[in-house]
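Below is one structure, written out as structure tokens; comments come after it.
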Amino acid sequence: MLLDIHKAPALSREDFSSVPDTSALPAKKFKCGDVFVNYYKNVKTASGEDYVLIAYSLVAFFDNKPKVAVSIEKQDLRALSGMLGLSLRELQKENNTRGLYGSAEVVMYGDGQREEFGPLGVEEKDEYLLPFLFDLLLDSIDYIEEVISLD
């Protein structure tokens, strides 16, 4: 996905129910040129639906509006079980896990689009996740400016 962050519409839960809730308190804040970026951990969805856990997310803001998000999402198998009327064990077997969440998937939202990048290929630690998520985010908005921590 390649988008013009200056012209793209704000992220909206009407477009996709699993966009991150940007009113939540971010774990870290960054600035990159004229774009501000918030890093969220275990943030709820903007719609409040609980079938997806947003384990990690970078959200880029321009003019105080969230424009693009790169997230690591996991399906909440308990919530899906109730919603789909399937047993938790069936969903665990289908997702090849014994846990309560599906595998970590990389997803990007922006300009009314949702793009899936597949399974997470790095360890779930900030020192690996942040560079990985920033690479995806900055490539999508075609930015090469230095990322500056505001914390």
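Laboratory data are not the source of any read-out in this text; all were calculated from the coordinates shown. Everything quoted here is computed from the prediction, not taken from an experiment. Every residue, glycine among them, receives a Cβ derived from its backbone with ideal geometry; neighbour counts consider all protein chains shown.
For the chain, a Gaussian network of Cα nodes joined below 10 Å ranks 79, 69, 46 by mean-square fluctuation, and the top entry is 79. Near residue 3, within a Cβ-to-Cβ distance under 12 Å, what is the net charge of the other residues, with Lys and Arg +1 and Asp and Glu -1? Around residue 3, the surrounding residues sum to -3. Within the shell of other residues whose beta carbon sits under 15 angstrom from the beta carbon of residue 86, the net charge comes to 0, with Lys and Arg scored +1 and Asp and Glu -1.
Taken about its Cα centre, the stretch 28-141 carries a charge dipole of about 400 debye when Lys and Arg each add +1 at the Cβ and Asp and Glu each add -1 at the Cβ. Scanning residues 5 or more positions from residue 27 or on other chains, those with amide H under 5 Å from its amide H are 39, 40, 41, with H placed 1.01 Å from N in the peptide plane.
Taking 72, 141, 54 in turn, the Gaussian network model of the chain (Cα-Cα springs below 10 Å) assigns the largest fluctuation to 141. Applying the Karplus relation 6.51 cos²θ - 1.76 cosθ + 1.60 with θ = phi - 60° to the stretch 133-142 yields 3J(HN,Hα) values of 5, 5, 4, 4, 4, 5, 5, 5, 9, 6 Hz, where x marks Gly and Pro. Partner lysines whose Cα lies under 22 Å from the Cα of residue 67, excluding those fewer than 8 positions away in the same chain, are identified as 7, 28, 29, 31, 41, 44. Loop sites only, by DSSP: take the trypsin sites (Lys or Arg not before Pro) in the chain that have at most 11 other C-beta atoms within 10 Å and name the longest stretch containing none of them. Here the longest run is 8-97.
When the Cα positions of 5, 148, 25 are compared along the charge dipole of the chain, 25 comes out farthest toward the positive end, with charges on each C-beta of Lys, Arg, Asp and Glu.
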